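The next block holds one structure in the form of C-alpha cells; read it before the comments.
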Amino acid sequence: MRIVLYRGDGVIEPWERELSAVMPGVETVTWKEGQLLAPCDYAVLWNPAPGLLAQLSEVKAIFLMGAGVDAVLKFGDSLPRVPLVRLGDAGMGVQMAEYVAHAVLRYFRRFDEYEQQARHGAWNPLPQHPKESFTIGVMGLGRLGMPVVEAMRHFGFPVRGWSRSPKDIPGVPTYAGMEGLDDFLHGTRVLVCLLPLTADTTNLLDRHRLGKLAPGAYLINVSRGAILAEPDLMTLIRSGHIAGATLDVFRHEPLPAPHPFWNEPRIALTPHISALTMRHDAVRQIADKIGSLEDGLSVDDLVDRQLGY
C-alpha cells in the first residue's frame, strides 16, 4: 500500500514517522510542486496544492489532517470525486471545551474588567453577573460543540444550542435552521460559534444578527474567521452593544498588523490555537479508517460536499 502525505506548511516528517509506526509495511511518499506522482492508494493531506489534487483521481480516499474541510472544498469541481474523510474528535473536543470555558468564566467573573482596572492601579470590586441571566448560546452541535455544551452545563449556566438541522439534547433548548436563528439569538448573553464555514455561514454573524443578542453580550469565535463580518463586530463593540469578544480565528491569518482588532482592548486574540490536532490520535484514527476501508467496511466522518462539512 502507498500513501501520499502532504501539508501546506511542509511539516511532514513527524506524520510520516508516526503513520509508518502504526501501519508497518506501508510505503509513504511525499510530493513537491511540479512533481509527477506515482499511483497511490490513499492521500493524507492538509491545505493541499492544486497540482497535487489533480493527480489524486485514482486514490481510494482522501484523508484530512483536521476537522475543517473548507480549505479543500474551495477547489470545487477540481477536487477529485473520491471519498473525502475528515478527522473526528482526535483530542480536539476537550481542548475546545477548555478554551470556551476559560473565555466564558473570564467574562462571567468580570476578569476582563479587573485586568483593565489593574493596568490603571484601580482597586474596585464589581458586582457579579447573575448566572441565571448569563445564557450561553452554542452555534454548532457536532463533535466539538457538544463538549462545550456539557462544560457550560457543568458550571450551571443556562445553555441553548443552534444547528442547521434539528437536534434533541435533553435539558438544553435547541433551535434549528434560519427560521430558528432569531429566537436563538434573542436573550443569548454569550454567543459561541463552532459552525463549519460554508456558503450559508459566510458572514452569518453580521451587524443584523449580532444586534439581536442581549445588550452587553459577548462573542467567542473558535470556528472560522469568515463566518464573522469583522467590521460589523467593531461597530457593535464601539457602540457598547457587544461588551467584548474572544477570537481565535480570522478572515486572514496571521491577523495583519494594521488590523483594528489589535488595538481594541475589549477584543481578546489568540492565534488559532483553541483546539490543536493531536497528531498521535489523528494518525491512529486515520490508520483505523484505512483498515476499515481495506476490509470493505464503512467509516465515519465522510464529508458531504453539498452541505460543506
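What does the C-alpha gyration tensor say about the overall shape of region 109-243? Classify as rounded when a/c is under 1.5, otherwise prolate if a/b is larger than b/c, or oblate. Cα axes put region 109-243 in the oblate bin.
About its Cα centre, the chain has a charge dipole of approximately 760 debye under the convention of +1 per Lys or Arg Cβ and -1 per Asp or Glu Cβ, with nothing else charged. When Leu269, Leu213 are compared by accessible area at a 1.4 angstrom probe, the order from most to least is Leu269, Leu213. Between the listed residues Pro127, Tyr175, Gln116, the Cα displaced farthest toward the positive end of the dipole of region 74-199, a dipole computed from Cβ unit charges relative to the Cα centre, is found at Gln116. Each residue of region 201-215 was assigned a 3J(HN,Hα) from its phi angle through the Karplus curve 6.51 cos²θ - 1.76 cosθ + 1.60 (θ = phi - 60°); the sequence is 9, 4, 6, 4, 8, 10, 4, 4, 7, 5, x, 7, 5, 4, x Hz, with glycine and proline shown as x. Largest mean-square fluctuation among Met152, Met96, Met178, in a Gaussian network model of the chain whose springs join Cα atoms under 10 Å apart, belongs to Met178. 3J(HN,Hα) couplings calculated from phi for region 127-138 with the Karplus curve 6.51 cos²θ - 1.76 cosθ + 1.60 (θ = phi - 60°) are, in sequence order, x, 7, 5, x, 4, 5, 9, 9, 6, 9, x, 9 Hz; Gly and Pro show x.
When +1 charges are put on Lys and Arg Cβ atoms and -1 charges on Asp and Glu Cβ atoms, the dipole computed for region 186-246 relative to its Cα centre reaches about 160 debye.
Taking the Cα centroid of region 198-253 and of region 84-140, what is the distance between the two, rounded to the nearest whole Å? Region 198-253 and region 84-140 have Cα centres separated by 16 Å. Summarising the amide proton neighbourhood of Val29: residues at separation of 5 or more, or on other chains, whose placed amide H is nearer than 5 Å comprise Ile3, Val4, Leu5.
What residue among Leu302, Val192, Ala214 has its Cα farthest toward the positive end of the dipole of region 153-309, where the charges are +1 on Lys, Arg and -1 on Asp, Glu, each on the Cβ? Checking the options against the dipole of region 153-309, the answer is Ala214.
Which value, in debye to the nearest 20, gives the size of the charge dipole of region 1-131 about its Cα centre, when Lys and Arg are +1 and Asp and Glu are -1 at the Cβ?
For this selection, approximately 380 debye.
Put +1 on the Cβ of every Lys and Arg and -1 on every Asp and Glu Cβ in the chain; which of Ile12, Leu205, Leu276 then has its Cα farthest towards the positive end of the dipole? Result: Leu205, furthest along the dipole toward the positive end.
Modelled this way, with points 7 Å down the Cα-to-C-beta line, the labels at Arg119 and Asp206 are 3.2 nm from one another. When the Cα gyration tensor is reduced to axis lengths a ≥ b ≥ c, the ratio a/c is 1.5 or higher for region 53-181, and with a/b above b/c it is classed as prolate. With protein chains left intact and a 1.4 Å probe, residues in region 235-302 average 55 Å² of accessible area per residue. Could you tell me which of rounded, prolate or oblate describes region 133-189, using a ≥ b ≥ c as the square roots of the eigenvalues of the alpha-carbon gyration tensor, with rounded for a/c under 1.5 and, failing that, prolate when a/b is larger than b/c and oblate otherwise? Oblate shape, in that a/c is at least 1.5 and b/c is the bigger or equal ratio. Summed over qualifying helices (DSSP H, 4 residues or more, each -39500 (n - 2.57)) and divided by its residue number, the chain shows a 222 nm mean residue ellipticity of -8500 deg cm²/dmol. In terms of accessible area, using a 1.4 Å probe and ignoring ligands and nucleic acids, Leu84, Leu293 rank largest first as Leu293, Leu84. Each label was represented as a point 7 Å from its Cα along the Cα-to-Cβ direction; for His129 and Glu294 these points are 5.1 nm apart. Here the label points at Leu307 and Asp281, each 7 Å from Cα along the C-beta direction, are separated by 2.1 nm in the simple model. The listed residues Leu36, Leu5, once ranked by accessible area (1.4 Å probe) with the largest placed first, stand as Leu36, Leu5. Annotation: amide H-H contacts under 5 Å for Gly161 (H modelled 1.01 Å from N, sequence separation of 5 or more, or interchain): Val138, Thr174, Tyr175.
The values are calculated or read from the model by the stated rules, or taken from the named source; none is laboratory data. Since the model is a prediction, treat every value here as computed from it, not as a measurement. Backbone-built Cβ (ideal geometry, glycine too); neighbour counts: all protein chains shown. Side chains included, ligands, DNA and RNA excluded: accessible areas come from the protein's heavy atoms. Shrake-Rupley method; radii C 1.70, N 1.55, O 1.52, S 1.80 Å.
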